[in-house]
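Novice: If you scroll down you'll find the structure; I have some questions about it.
Derivation of every value follows stated rules applied to the coordinates shown; laboratory data play no part. Since the model is a prediction, treat every value here as computed from it, not as a measurement. Because the Cβ atoms are built from the backbone with ideal geometry, glycine has one as well, and the counts that use them run over all protein chains shown.
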Amino acid sequence: MNGGAIIAKILAKRGVRFLFTLSGGHISPIFVEAKRAGIRVVDVRHEANAVFAADAVARLSGAPGVAAVTAGPGLTNTITAVKNAQLAQSPVIVLGGATATILKGRGALQDIDQMALMKPHVKWAAAARRLKDFVPLLEEAFTACRSGVPGPVFIECPLDLLYDEQIVRQWMVGGDKPPKNLRERMLHWYLGRHLDKIFSGPGDITIRDDQSVVRPPSPSHSQLNRVAEMLRQSQQPLFIIGSQAVAQPERASNVAQAVEAIGAPVYLSGMARGLLGKDHRLQMRHKRREALREADLALLAGVPCDFRLDYGRQIRGGTTLISVNRSRHDLYLNRKPSLAIEADPGDFLIELGKLSQDGDARTGWLATLEARDDEREREIDLRAGEETDGINPLKLFRELDGMLGANSVLVADGGDFVATASYTLNPRGPLAWLDPGPFGTLGIGGGFALGAKLVRPDAEVWIIWGDGSSAYSLAEFDTFTRHRIPVIGLIGNDACWSQIAREQIAILHDDTAAMLAFSDYDIAARGFGGDGVRIDRIEELIPAIAKAREVTAEGRPFLINAIIGKSDFRKGSLAM
C-alpha cells in the first residue's frame with residue numbers, strides 16, 4: 001500500500017466526505033487514492049480556495065475539513081487561508097506535498113523549509129519520514145485540530161512516500177543494469193539503504209476502525225450556579241454570542257433553545273448570526289455599543305474583548321462581566337472579567353438554560369432595546385429610499401432579504417458592501433451566515449461557497465461579494481461549473497474599494513489605488529461556463545433572482561452583477 005492509499009483509507013475511515021485540492025505531481029497519489037476510497041475530490045483553481053472550502057466544511061459539519069496541496073508555491077498559496085482558519089478557530093487538516101526525503105535541502109524543485117513556514121500558523125505540524133509514519137500522524141492530526149481551541153494542522157507528505165515502493169526504487173536506483181564503478185556501487189548502496197529505511201515495517205501499518213472522541217472543556221456545576229445567581233440579580237443583562245457557541249454544529253438548535261429559555265437579550269456575531277432565526281424577540285441587531293454601556297451584566301459567549309468590542313472599552317467598568325471561552329488567552333484579553341469560565345460556550349449555554357431563569361422580569365429592559373432597534377430600522381428604511389447614481393445598496397438588500405428562502409446560506413466576502421449587508425440581511429437559521437472571522441480576510445467567497453454547497457446541497461447558497469473581493473475567487477465559477485455546484489453570486493459593483501476610499505479621500509485627499517472599473521463580471525461568469533446578468537436598476541433584481549434560480553436548478557452557477565451607487569451609510573467605519 002502506498003502512502004496515498006494509506007492517507008485515503010484513514011480519511012475515509014474518519015468520515016471525510018470531501019477532499020479539496022489543486023493538481024500537483026507531488027500529491028497525485030493522495031487525490032487519486034481518495035477518489036478510489038469513495039471520497040469526493042474537488043479540484044479548485046487556487047490553493048487558498050481549497051483551504052477556504054475545507055474551512056467552510058469544518059464550520060458547517062463540525063468534522064475536520066481536509067485540503068491537499070502540492071509543494072512549494074502550492075503550499076505558500078495557502079498561507080492566508082490557513083491563518084484565517086487559525087484565527088477563526090476552524091479544524092482544518094492541510095496535507096502538503098514535499099520533495100523526496102533524500103533530496104531535502106539539495107536544491108530539488110519547489111523544495112523549501114515548509115515546516116518553518118507553517119508552524120506559526122497552525123496548532124500542530126509534523127513531517128512524515130517513513131511510510132508507516134502516516135498512520136500515527138493522521139490520527140494525531142484529527143485529534144489536535146479539534147481539541148481545546150480548534151484550529152488548522154499540517155502534515156508534510158514527501159513525494160517518495162506517496163508512490164508505490166517499486167516505482168520509487170525505479171526512480172532512485174534505476175533498472176537491473178549493474179553499476180559501472182565503485183562510485184555508482186556506493187551510490188546504489190546508499191540509496192538502497194535509505195529506501196529500505198523509509199519503506200521498512202509495512203507489517204506495522206494498522207489502520208484502526210475506532211475514531212477518537214474529542215470533547216471540549218466543560219463548565220463546572222459551581223460556575224453554572226454562580227452565573228445563574230448573577231442573572232437572577234441582574235435587571236439589565238446582555239449576552240454577546242459568537243462563533244465558538246456553534247463550534248459543535250449538531251448542537252446549534254440546542255443552544256438556540258437554551259438562549260430562549262434564559263430569556264436575556266442577545267447580540268449575535270460571526271457564525272452565531274442566525275442562531276435564533278430571522279425575527280426573534282430576544283435578538284438585537286443595532287446600537288450594541290449603547291446597550292453594552294447600559295447593561296449591568298454582560299456575558300461574552302465565545303467573544304474576546306478585541307477590536308470588535310473596542311478592546312473591552314464598550315463595557316462599563318462597573319458591569320458584571322462574565323466571559324466563557326475555550327481559549328484561556330481570549331478569556332483575559334484586554335479586560336479581566338468578573339468571572340472567567342474556560343469551557344465550550346455552546347455547552348455552557350445549554351447547561352445554563354436548564355437552570356431556572358425569569359426572563360419576564362426584564363421586559364422593560366427588553367422593550368428599551370427593541371424600541372432602539374426599531375428606530376434604527378426606520379432610519380435604514382429612509383436611507384434605502386434615497387436616490388443614488390446606481391442601485392441604492394440598502395434598497396438592494398431590503399429587496400433581497402424579502403426574497404431569501406428558509407434554506408438560504410449567505411457567504412459574506414467583502415468590505416463596505418458586505419458590511420452593509422450585515423445591517424440588512426437576516427440569516428434564516430443557525431449556521432446560515434459565513435464570514436471570514438476576526439482576520440477580516442477578503443477572498444473567502446468562492447471557497448466558502450464551495451464547501452457550504454457540498455455540505456448543504458439542498459440549500460440556496462449566496463455569495464455576497466464586493467466588486468473588489470470578487471476577483472480573488474471569481475475563477476472558482478469554473479470549479480462550480482465543472483463539478484455542478486450551483487451557487488449564486490451577487491456582486492455590488494461600484495467600481496471602487498469603497499470602505500477604504502471613503503476615509504482615504506476624506507483624510508488624504510487622494511484616491512490612489514482605491515478605484516476600480518465597472519467590469520463585466522457577469523460575462524466572466526459565463527466565460528467560466530456559468531451564467532449571469534448585469535442589473536442597473538432595482539426593478540431588475542426580481543427577474544434576475546428568478547433567472548438565477550432557474551439556472552441553478554439546472555446545476556449551473558449564476559452571477560448577478562449589480563451596479564450600485566455610492567453611499568455614506570457607513571461613513572467613519574475605518575477600524576483600528
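Novice: Among the listed pairs LYS395/LYS547; LYS35/LYS453; LYS119/LYS336; LYS83/LYS119; LYS278/LYS566, which have their C-alpha atoms separated by more than 22 angstrom in this model?
Specialist: On the way: LYS395/LYS547 20 Å; LYS35/LYS453 19 Å; LYS119/LYS336 30 Å; LYS83/LYS119 11 Å; LYS278/LYS566 28 Å.
LYS119/LYS336; LYS278/LYS566, as the Cα separations exceed 22 Å there.
Novice: Something else about it: Could you check what % of the DSSP bridge pairs in region 3-204 are antiparallel, to the nearest 5? Walk me through the numbers on the way to the answer.
Specialist: Details: 0 of 22 bridges.
Counting only bridges with both partners in region 3-204, antiparallel ones make up about 0 percent.
Novice: ILE102 to ARG313: extension gain in nm, 0.36 nm per residue of separation minus the Cα-Cα distance? The partial results should precede the final answer.
Specialist: Values: separation 211, 0.36 × 211 = 75.96 nm, distance 5.50 nm.
My answer for the length gained is 70.5 nm.
Novice: Taking only the Cα atoms of the chain, how large is their convex hull per residue, in Å³?
Specialist: On the way: hull volume 94.9 nm³, N = 576.
Hull volume over Cα atoms, normalised by residue count, gives 165 Å³.
Novice: Can you give me the convex hull volume of the Cα atoms of region 385-563, divided per residue and expressed in Å³? Write out the running numbers ahead of the final one.
Specialist: Numbers: hull volume 20.4 nm³, N = 179.
In region 385-563, the Cα convex hull volume per residue is 114 Å³.
Novice: Using r as the Cβ-Cβ distance of TYR190 and ARG36, and R0 as 35 Å, what FRET efficiency do you calculate, to the nearest 0.05? Numbers along the way, then the final one.
Specialist: On the way: r = 34 Å, r/R0 = 0.98.
Once the sixth-power term is evaluated, E becomes 0.55.
Novice: Want the number for HIS509 to ALA261: 0.36 nm per residue separation, take away the alpha-carbon distance, what's left? Mind showing how you got there, number by number?
Specialist: Working: separation 248, 0.36 × 248 = 89.28 nm, distance 5.23 nm.
Net length gain for the segment: 84.1 nm.
Novice: Which listed residue (VAL255, GLN504, LEU339) has the Cα farthest towards the positive end of the charge dipole for the chain, taking +1 on Lys and Arg C-beta and -1 on Asp and Glu C-beta about the Cα centre?
Specialist: Positive-end residue among those listed: LEU339.
Novice: Can you give me the C-alpha center-to-center distance between region 413-444 and region 458-474, rounded to a whole angstrom?
Specialist: Taking the Cα centre of region 458-474 as reference, the centre of region 413-444 is 11 Å away.
Novice: Rounding to the nearest 20 debye, state how big the charge dipole of the chain is about its Cα centre with +1 on each Lys and Arg Cβ and -1 on each Asp and Glu Cβ.
Specialist: Details: 68 positive and 68 negative charges, 384 e Å.
The calculated dipole for the chain is roughly 1840 debye.
Novice: Then there's this: For a quick check of your reading of the filter: which trypsin sites (Lys or Arg not before Pro) in region 198-281 sit in a DSSP loop and have no more than 10 other Cβ atoms within 10 Å? Let's see the in-between values first.
Specialist: Values: sites: ARG208, ARG226, ARG232, ARG251, ARG273, LYS278, ARG281; in loops: ARG208, ARG273, LYS278, ARG281.
Sites meeting the loop and neighbour criteria: ARG208.
Novice: Where does the charge balance sit around GLN235 when Lys and Arg score +1, Asp and Glu -1, over other residues with C-beta under 10 Å from its C-beta?
Specialist: Values: positive: ARG362; negative: ASP296.
Within the 10 Å Cβ shell, the charges total 0.
Novice: Continuing with this model, one more query. What net charge is computed for the residues neighbouring ILE6, neighbours being all others with C-beta under 10 Å from the C-beta of ILE6, Lys and Arg scored +1, Asp and Glu -1? Each step should come with its number before you reach the end.
Specialist: Numbers: positive: LYS9, LYS132; negative: GLU33, ASP133.
That works out to 0.
Novice: A further question on this structure: If you count the DSSP beta bridges with both ends in the chain, what percent of them are antiparallel, to the nearest 5?
Specialist: On the way: 1 of 67 bridges.
Roughly 0 percent of the DSSP beta bridges within the chain come out antiparallel.
Novice: On full extension of the chain, what length is gained from GLU140 through ARG183, given 0.36 nm per residue of separation minus the C-alpha to C-alpha distance? If you can, show how the numbers build up before the last one.
Specialist: On the way: separation 43, 0.36 × 43 = 15.48 nm, distance 4.17 nm.
Once the chain is fully extended between GLU140 and ARG183, it gains 11.3 nm.
Novice: A further question follows. Given a Förster distance of 51 angstrom, what is the FRET efficiency for GLN170 paired with PHE439, based on the Cβ-Cβ distance and rounded to 0.05? Kindly include the intermediate steps, with their values, before the conclusion.
Specialist: Numbers: r = 45 Å, r/R0 = 0.88.
So the FRET efficiency works out to roughly 0.70.
Novice: With each pseudo-label sitting 7 Å past Cα toward Cβ, what's the ARG328-HIS280 distance in nm, one decimal?
Specialist: 3.2
Novice: I've got another one for you. What is the distance in Å between the Cα centroid of region 54-72 and that of region 93-137?
Specialist: That distance is 18 Å.
Novice: Related question: What's the magnitude of the charge dipole for region 224-282 around its Cα centre, counting Lys and Arg as +1 and Asp and Glu as -1 at the beta-carbon? Answer in Debye, nearest 20.
Specialist: On the way: 6 positive and 4 negative charges, 12 e Å.
Magnitude of the dipole: close to 60 debye.
Novice: Let me ask something else. Listing THR441, THR512, THR481 from the residue with the fewest other Cβ atoms within 10 Å to the one with the most, what is the order?
Specialist: On the way: THR441 21, THR512 9, THR481 18.
Starting with the residue having the fewest Cβ neighbours, the order is THR512, THR481, THR441.
Novice: Another one. Of VAL94, VAL122, VAL259, how do they rank once you tally other Cβ atoms within 10 Å and put the fewest first? Walk me through the numbers on the way to the answer.
Specialist: Working: VAL94 30, VAL122 22, VAL259 27.
By the 10 Å Cβ count, ascending, the order reads VAL122, VAL259, VAL94.
Novice: With Cβ to Cβ distances under 14 Å as the rule, what net charge do the other residues near CYS157 carry (K, R +1; D, E -1)?
Specialist: Numbers: positive: LYS104, ARG129, ARG130, LYS132; negative: GLU33, ASP111, ASP133, GLU156, ASP160.
Here the count lands on -1.
Novice: Let me ask something else about it. Given +1 on the Cβ of Lys and Arg, -1 on the Cβ of Asp and Glu, and no further charges, what dipole in debye does region 1-111 carry about its Cα centre, rounded to the nearest 20?
Specialist: Dipole of region 1-111, to the nearest 20 debye: 300 debye.
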